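A quick write-up on the structure given underneath.
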Amino acid sequence: MPKKVENVGCPYCGVCCDDLVVTVSDDGKKILEVENACAIGNQIFHHATGGERIRLPRLRQPDGSYKEISYDEAVDYAAKVLHNAKKPLIYGFGSTNCEGMAAAAKVAEKAGAVLDNCASICHGSSFLAIFDNGYPSCTLGETKNRADVIVYWGANPAHAHPRHMSRYSIFPRGFFTGKGHKSRKIIVIDPRHTDTAQVADIYLQVKQGHDYELFDAFRAVVRGHEIPDVVAGIKREQILEVANILKKARFGTIFYGMGLCHSDGRNHNVDIAISLTRDLNDFTKWTIMAMRGHYNITGPGAVWSWQYGYPYCLDLTKRDIAHMNPGETSSVDLAMRDEVDAFFNVGTDAGAHFPIDAVKHLKKHPWITVDPNICMASEISDLHIPVGIVGVEVPGIVYRMDNVPIQYRKVIDPPEGVISDEELFERIHKRLCELEAEEAAKGQVKAAPEGVRAESEP
Amino acid sequence: MKTVTLTLTNPSELFLEGQNITPDNFAGKKAAEIAALDVWEGKQKSPLGKYFSVEGDGGATAAETKIVLRGDCTRTKRIGQQMTAGEIVIEGSADMYIGGWMKGGKIHVKGNVDSFCGIGMEGGELLVDGNAGSHLGSSPRGEWRGMQGGMIRVAGSVGNDTATFINGGTIVIGGDADIHVSTHGEGGTVVVKGNAKGRVGGQMVKGDIYVYGTIENPLPGFQMVGEVEQEVDGEKARFVHHIGDLGERHPVSRGKTVYANLYTRI
Ligand code: SF4
């Protein structure tokens, strides 16, 4: 009898749907059916048992081919790379659980590495804005139960977060929003007329790269000042109309995406969006939320902030001092400037996502990929270590886009012998400790810097 | 004044972090002691002398110590960080954080500098003959008190995010400025003698900005209030006076609302 597993979390996008029902074959090895998930969510489960999986780590040979090696050999190789590099970079964590992230942080600290996550090329600019300006946010439950005005700014959930609108924002009937869609006003602001814009009551086609000016205009209007006839391609009358709707809302949420984080100005686009949200709270209740991409990309921010005080771009090379400054310690900048001498790609695909020059620089040094699947990064690596798929084969904690932690479960076992990210990093950490002890025994302890403070006067 | 000359003879593989290269750290030290100061290449700590040859001893105090850097310092960060007195001359270009958190003294860079130079600056003088990267005289991430005092002068152009959260001091840019000048500013003065790309004075509360050339994309939150004559950087000129950012909060002083001023040259 095939078995039905209920309340399964979807390990794909930041909506973190936790209402999936997965039917597993008799022997517990195959996924037969996935209910409630959207098309992408469906795919992630079927992909796990659909095709051939890599079951052993693969090491690049002198002739360019891959040779299968044991996990012990892979752990040893990885630990030695980290131990010998002057400034290794460990990057990724878009698709793993918080347990794996904590274990990786232990490794990074031991190895004196730079630890970064995919926010670095995604919502990292949101962090910078939040540092500068705070985060008047809420949970998705509050939006669902209370919001009567929803703004999607530079975000296209119809494609990137397929169930966001139906679960939380536009369509659901909540406690104070019993009429669902009928009682809500939807405003979409985007340079492109996206599929999300199709369902909007009001659509503003902002001139690409000029969101900051439009926010500034909204803020000036909200404070009762005059603005020019046209701002960022939008007519004054329309700005006044929308500003009026924002002020008259009972509860509003601004959901924003890459349109703000990745157009000119980046963090300042988010920064001024936060300022507008705060201004609107002089009139009514407004909140703002980043449309975080992957199901647990909020996780490393939560885990590492707790461990080190910073969510990403952590330079741990001085070990007892964590330093963070995106622009310097961010992965792409480090790679472009040729600042690192070893690269760990964990649960992401830097081969596909990074600029080609960054990849070329990183390729001069050892490159290790940790990922369940074959991807561009795994194919250009020196070592590829397969791990179990979190949310399908490995359980764990994940953080939803609104910073709510959810316990994910597993529905099947990983392929025989394949370990989890957490176990892998724990083993690398252990091996690193051994290498350090061996070196200490030989009397040639690596210069372990004690801090970056200037020498005191004699 | 005694001069210590550092010449980069053995370049590092990765970038060097040279926060110890300040008159404060060199003062009272002989050349050999200076060569023994720490620099970092990633997690590896080494003596300064591994990369630089050191000639001359430091003065008795920081104020009596001058440091001259020769050779390609484009891969050396943090020169003159937190210095309080004395002088540094960099004969060529240098990397990030030059003069960061500087409190006094003078740094003269004859080439270009990269990003984050003069961040969190409180006093002293930073002169750059070439261009500067982004975040010149800006605040460190998440810090709402940016540049507090001192003077930064860049002959060439600068990147984005100049003087973010500035609340004191002066920055004079000979060339153009990329987007975001004095964002969140609460004081201080920025002079852009070339053109500015846009977002000049966004979310600004107080302070002054002068732009001699054009602003490609002016912000809607700034409003023209008249024309004035002002003396800027030693010369008198006429400017159009705008106030803003009207979208931002503004304090009231003696019954009058205080705005940030943006002057564009006529
Ligand atoms: S909306 Fe996102 S979390 Fe929900 S099923 Fe689709 S991919 Fe999975």
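Entry for region A:124-290 at q = 0.08, 0.18, 0.19, 0.20 Å⁻¹: log10 I(q)/I(0) = -0.20, -1.14, -1.29, -1.44, Debye formula applied to identical alpha-carbon scatterers, no solvent contribution. Note on residue A:442: lysines with a C-alpha under 17 Å away, same-chain residues under 8 apart excluded, are A:80.
Taking amide H atoms as placed 1.01 Å from N in the peptide plane, the amide H of residue B:119 lies under 5 Å from those of B:100, B:101, B:137, B:138, each 5 or more residues away in sequence or on another chain.
Modelled spin labels at residue A:40 and residue B:216, positioned 7 Å past Cα toward Cβ, are 3.2 nm from each other. Note on region B:69-106 and region A:312-337: Cα centroid distance 20 Å, given to the nearest whole angstrom. In order along region B:58-74, the Karplus-derived 3J(HN,Hα) couplings, from 6.51 cos²θ - 1.76 cosθ + 1.60 at θ = phi - 60°, round to x, x, 5, 10, 4, 5, 9, 10, 10, 10, 10, 10, 10, x, 7, 9, 5 Hz, and Gly and Pro are given as x. At the listed q of 0.06 Å⁻¹, the Debye profile of the protein assembly as shown, built from one uniform point per Cα, gives log10 I(q)/I(0) equal to -0.40.
Given a cut-off of 25 Å, name the pairs among A:3/A:410; A:430/B:77; A:4/A:144 whose C-alpha atoms lie farther apart than that in the structure shown. Beyond 25 Å: A:430/B:77; A:4/A:144.
Separation of region A:240-304 and region A:100-136, taken as the distance between their Cα centroids, equals 20 angstrom. Shown here for region B:72-158: chymotrypsin sites (Phe, Trp or Tyr not before Pro) in loop regions (DSSP other than H, G, I, E, B) with at most 14 other Cβ atoms within 10 Å, namely B:144. Using θ = phi - 60° in the Karplus curve 6.51 cos²θ - 1.76 cosθ + 1.60, the 3J(HN,Hα) couplings for region A:159-172 round to 10, 8, 9, x, 9, 4, 5, 7, 7, 10, 10, 8, 9, x Hz; x is entered for Gly and Pro.
In what sequence, largest accessible area first, do B:70, A:427, A:163, A:292 appear using a 1.4 Å probe?
B:70, A:427, A:163, A:292
Close amide-amide hydrogen proximity is noted between residue A:113 and A:316, each under 5 Å apart and 5 or more residues distant or on a separate chain (H modeled in the peptide plane; Pro and chain starts excluded).
Roughly how crowded by other chains is peptide B:242-251, in terms of the mean Cβ count from those chains within 10 Å of each of its Cβ atoms? Walk me through the intermediate numbers first.
Numbers: counts 0, 0, 3, 6, 10, 15, 7, 5, 1, 0.
The shielding value for this peptide is 5.
Dividing the mean sequence gap of close Cα pairs (under 8 Å, 6+ apart) by how many residues region B:50-183 holds gives a relative contact order of 15 percent.
With an 8 Å cut-off on Cα pairs and a minimum separation of 6 or more residues, tell me the relative contact order of chain A in percent. Mind showing how you got there, number by number?
Values: 946 pairs, mean separation 107.5, N = 458.
The normalised contact order for chain A reaches 23 percent.
In this simple spin-label model, placing a label point 7 Å from the Cα along the Cα-to-Cβ direction at both residue A:278 and residue A:159 gives a separation of 3.4 nm.
So if we plug the beta-carbon distance of residue A:5 and residue A:181 into 1/(1 + (r/R0)^6) with R0 = 25 Å, what FRET efficiency do we get, rounded to 0.05?
Working: r = 31 Å, r/R0 = 1.25.
Efficiency at R0 = 25 Å is approximately 0.20.
Look at the stretch A:263-269: the mean tally of other chain Cβ atoms within 10 Å of its residues' Cβ atoms is 5.
Here the contact order of region A:124-290, divided by its residue count and restricted to Cα pairs under 8 Å and six or more residues apart, works out to 32 percent. A full extension of the chain between residue A:60 and residue A:237 corresponds to an added length of 57.5 nm, given 0.36 nm per residue minus the alpha carbon distance.
Using a probe radius of 1.4 Å on protein heavy atoms only, what is the accessible area buried between chains A and B, both sides summed, to the nearest 100 Å²?
On the way: alone 19850 and 11420 Å², together 26900 Å².
Between A and B, the summed buried area is about 4400 Å².
Looking at region A:1-126 alone, DSSP beta bridges between its own residues are antiparallel in about 75 percent of cases.
Please give the direction-averaged projected area of the C-alpha convex hull for region A:26-72, in square nanometres with one decimal.
Details: hull surface 21.7 nm².
Directional mean of the projected Cα hull area for region A:26-72 stands at 5.4 nm².
To the nearest 0.05, how large is the calculated FRET efficiency for residue A:379 and residue A:171 if R₀ is 41 Å and r is the Cβ-Cβ distance? Working shown, then result.
On the way: r = 41 Å, r/R0 = 1.00.
Taking R0 as 41 Å, the efficiency between residue A:379 and residue A:171 is 0.50.
Within region A:127-165, what residues put their amide N at less than 18 Å from the label point 7 Å along the Cα-to-Cβ vector of residue A:19? Inside the label zone: A:139-147, A:158, A:161-165.
Other residues whose C-beta falls under 11 angstrom from the C-beta of residue A:176 contribute a net charge of +3, scoring Lys and Arg +1 and Asp and Glu -1. The label-point distance for residue A:438 and residue B:55, in a model that sets each label 7 Å from Cα toward Cβ, rounds to 4.6 nm. Based on protein heavy atoms only, the protein assembly as shown ends up with 37 Å² per residue of surface accessible to a 1.4 Å probe.
Once amide H atoms are built 1.01 Å from N in the peptide plane, which residues 5 or more positions from residue B:210, or in another chain, come under 5 Å H to H? Correct list: B:190, B:191, B:192, B:263. Only beta bridges with both residues in chain A are counted; by DSSP, about 40 percent of them are antiparallel. Averaged over the residues of peptide B:136-144, the number of Cβ atoms from other protein chains lying within 10 Å of each residue's Cβ is 3.
Remark: region B:259-265, residue by residue, has Karplus-estimated 3J(HN,Hα) of 10, 7, 10, 10, 10, 10, 6 Hz, where x stands for each Gly or Pro and the curve is 6.51 cos²θ - 1.76 cosθ + 1.60 at θ = phi - 60°.
Hey, with R₀ at 25 Å, roughly what FRET efficiency would residue B:13 and residue A:356 work out to, going by the Cβ-Cβ distance, to 0.05? Please report the intermediate quantities before stating the final value.
Details: r = 23 Å, r/R0 = 0.91.
For R0 = 25 Å, the calculated efficiency reads 0.65.
If you scale each eigenvalue of the Cα gyration tensor by 5 and take the root, what three semi-axes come out for region A:207-256, rounded to whole angstrom and sorted largest first?
With the √(5λ) rule applied to region A:207-256, the semi-axes are 18, 14, 9 Å.
Semi-axes of the equivalent ellipsoid for region A:3-50, computed as √(5λ) from the eigenvalues of its C-alpha gyration tensor and ordered from largest down, come to 18, 12, 7 Å.
Can you give the helix-only mean residue ellipticity at 222 nm for chain A, where every DSSP H stretch with n ≥ 4 adds -39500 (n - 2.57) and the sum goes over all residues, rounded to the nearest 500 deg cm²/dmol?
Working: 17 runs with 163 residues, N = 458.
Computed mean residue ellipticity for chain A: -10500 deg cm²/dmol.
In a DSSP loop and with at most 13 other Cβ atoms within 10 Å, the GluC sites (Glu not before Pro) in region B:1-93 are B:13.
The values are calculated or read from the model by the stated rules, or taken from the named source; none is laboratory data. Note that the structure is a prediction, hence the values are computed from the model and not measured. Heads up, the Cβs are rebuilt from the backbone with ideal geometry, glycines too, and the neighbour counts pull from every protein chain shown. Remember, those area values only see protein heavy atoms, side chains included, never the ligands or the DNA or RNA. Shrake-Rupley method; radii C 1.70, N 1.55, O 1.52, S 1.80 Å.
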